[in-house]
Structure formats: structure tokens, C-alpha cells
Amino acid sequence: MTLPTVYFDHNATTPVRPEVLSGMLPYLKRYFGNPNSAYRLGQETRRAVEKARAQVSSLIGAQYPDEIVFTSCGSESDAFAIQGAAVKKHLITSRIEHDAVLESFKLLEARGFEVDYVGVDRYGRVDPEEIRRFLRPDTCLVSIMFANNEVGTLQPIHEIDRICREKGVLFHTDAVQAVGKIPISVRELGADLLSLSGHKLNAPKGIGALYIRRGVRLSPLVTGHQEKERRGGTENVAGIVALGTACALAQNEMQKHSVEFLRLRKHLEVGILKLPGVRLNGHPDLRLPNTAHFSFEGVDGHALVVGLDLEGICVSSGPACSTGSVDPSHVLRAMGIAPALAKGSLRFSVGWGNSMEEVERFLEVFPKILEKQRRVLSPRS
Ligand code: PLP
């Protein structure tokens, strides 16, 4: 590739920060011991794992580090929380969850569990009172995401937690897109279970964590003695160290970054909303600072992604179906966006390393790409 890449897809994955990489490398080289071994080489890595556990726990405001269980990714954390908590017949989730959550619920339904799916308003927000109406004496879990990965809308987590607490029902939140981007305190918010993923906050892929409030018991997905019998498998020490470092960096820099990301996002939004036939999706205010999602009339989102890629700019158009065309996303459908409009959607998610110059470059090339692609779909206009 000759053009420098402008990367506006941080909700898909993020680059590993140099500090994170240099912090993890010794655990792939010199400190290779198994953290479960009794000799010093093992104890060295055990100390590193426990330091990282404290760093993760501090970022999300957990009371005790041992409320953090390391997993292989956000999807595993979600599956562990949902399948591990399914002890009674009925569970509740929303229509706009990530597939990592929805697939676990589908699996449970196939096994005879009953699941209710709450809807969202046009901004993609769940109504906590709808959850209350769905609750039954045999409800064992409510799972509602913290922030939506496509449109960035934040959910009323505190209110949902209050309702679940009143009824003695466990509450899980998939916070994969929120952790590291906005302040989170499980002590203040509530939530019994919270999923997070390393590669969304500048750590590598293949490492995640599940917060499990003290006293909450889940049946493990992977059995074994590690992680206090909660998740078997020799720990991914280098990945865990990386996640810990990324969490510490996020905690120190979150305020500065969210101001900067919001500045970039707002500039991008102002520029894009000047174009004809465009609407901004997601909540105007209650939204991740780094995420902006638009639908463009009379155009295919996938074609825009390809056009931008030729200019060295990475954005995403939503989930692609197997034929290569864009399948209108279940999130946009749940928000009531017409399928034809949903097909012409783009998500921008800014993050570490982005600059105003990159936003300017995007705003310079995008109108031409949009116009060209609109002519392709409607040659006579
Ligand atoms: N949940 C949400 C909201 C996500 O955005 C993602 C990834 O895109 C996941 C879960 C899955 O995380 P992972 O890729 O670490 O399995």
C-alpha cells in the first residue's frame, strides 16, 4: 500500500500501543514460566498476572481484584456470563446486542430456555421499564450492553441495575465498547457481571476479562483449576500483562482522550452533515465520544468503504453478509431505520493516534466518493 492509512475503525479493533507491546514482550521471552509453578520463574509471571488483575479491576472500579477473571476475548466473557448464569428458565436481553451475546441466547433457546428481547427507541436506547415488565419469578439473568458497537448509544445501566437488584436478578453488561473510552465504576453502577476485551483498548487480540461480583457463582465454560476454578487453561501471561498495561494507560489518559476524540468526532459530524441526504444515527448526546454513525440516501455503504479504502481510509459499513453485499444491521432495524437507508451506512470510530489532519483529509475526499457512488446507483439523476 502506498498511501498512509487513516484508521477510523477503532470499534472494530485498535492498534497495540508501543508501551503495551514493550510491556508484554519480556513475558514472551525471558519470563516464560507458568504462573502456576512453585519456583521463582513461575512466581515472577504470577506476580505479573496479579498486577494486571489489579490494573483491570481499578479501571472499572471493582472492589476486589479477584472479581476479575481473564478470558480469551470479549465473546468468551459474554458466553461465560450468559451461559454460566443460566440456572432458571427465563432470561432477558435486547435486540441490539452484539452477536457474541445474541448467539449465546440462541444456544440457550435451543436448549429449552426462554428469552425475551427488549426493543429500543429510534436512538437505540432500551427502556428499563420494558425490562421490568418482562421480569418473571423464574428470570435468572438480564444482559444489556453498556454501549452499542455500531451507533455508540449508551444504555441506562444504572436504572437497569436498580430494577434487577430490586427483583434479585443477576445483571450482566457487555461493556466491550465502553471500557477504556468512558469512566465506569461497577461499585457505583451496580452490574454483577461485566465483559471487556483487550483489542478494543489498544491491547492485542486474544485477551479479555469478565468481572464477576464477589458472591456471584457461575458455572465455568472451560473447566480447570486456574482463575480460582472459574476459567481453566494456563493463563495467557503476555496478553494479560498487555491488558493490564492498556487499562492503566486508559485510566490515566481517558479524560484527555475523550475530549480529543469528541473534538475529532464533532468536526467530522459537522462536515458530513453539510452533505445532502445524510442522517446521523444513535443518540445525539448519550453516546460514546469516539463513535459517529451515518446513513446516506441512494448509496451502498460497502461501495463507500471500498472507495475510501482506495484513498487509504478505513471505516466500516456494518456487518457484511456472505454474498459480499451489506446486510442491513439488526441494530439499525431495531431502531426503525428503513432497510434501503440502512444499506447506505458508515460507522466512524476514532481512537488513539488519530488527528485533525486525518479528519480534514477524509472531509476532502469523501464528498466526491459519495457523489460518484450515488451516480452509480442512480445514473440519470
Ligand atoms: N461485544 C461487543 C459490543 C463488541 O463490539 C465485540 C467486538 O466487536 C464483542 C463483544 C466481541 O469481542 P471480541 O472480539 O474480543 O470477542
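The values are calculated or read from the model by the stated rules, or taken from the named source; none is laboratory data. Predicted, not measured: the structure shown is a model, and the values here were computed from it. Note that each Cβ is placed from the backbone with ideal geometry, even for glycine, and that neighbours are counted across all protein chains shown. We work out accessible area using only protein heavy atoms, side chains counted, and drop any ligands, DNA or RNA first. Shrake-Rupley method; radii C 1.70, N 1.55, O 1.52, S 1.80 Å.
Observations on the structure shown:
- All aspartates and glutamates inside 19 Å of residue 372 as judged from Cα atoms, apart from same-chain residues fewer than 8 positions distant: 297, 300, 309, 311, 364
- Apportionment of accessible area to carbon and sulfur, segment 232-283, percent (1.4 Å): 56
- log10 of Debye I(q)/I(0), alpha-carbon scatterers only, for segment 55-196 at 0.20 Å⁻¹: -1.27
- When only Cα pairs below 8 angstrom with a gap of at least 6 residues are kept, the chain shows a relative contact order of 22 percent.
- A simple spin-label model places pseudo-atoms 7 Å from Cα toward Cβ; at residue 338 and residue 222 they are separated by 4.7 nm.
- From the C-alpha gyration tensor of segment 223-275, square roots of 5λ in Å: 40, 14, 8
- Within the chain, helix-based [θ] at 222 nm, where runs of 4 or more DSSP H residues each add -39,500 (n - 2.57), nearest 500: -12500 deg cm²/dmol
- Based on protein heavy atoms only, segment 246-304 ends up with 44 Å² per residue of surface accessible to a 1.4 Å probe.
- Added length on full extension, which subtracts the Cα-Cα distance from 0.36 nm per residue, residue 41 to residue 25: 4.2 nm
- Screening the chain for whole DSSP H helices of 24 Å or more along their axis (Cα) with average Kyte-Doolittle hydropathy at least 1.0 returns none.
- Centroid-to-centroid, using Cα positions, segment 69-99 and segment 192-255 are 15 Å apart.
- The radius of gyration of the Cα set in the chain, together with its Dmax, comes out at 21.4, 75 angstrom.
- Surface composition of segment 116-218: carbon and sulfur make up 48 percent of the accessible area, probe 1.4 Å.
- Candidates per trypsin sites (Lys or Arg not before Pro) in segment 65-162, loop by DSSP, up to 10 other Cβ within 10 Å: 111
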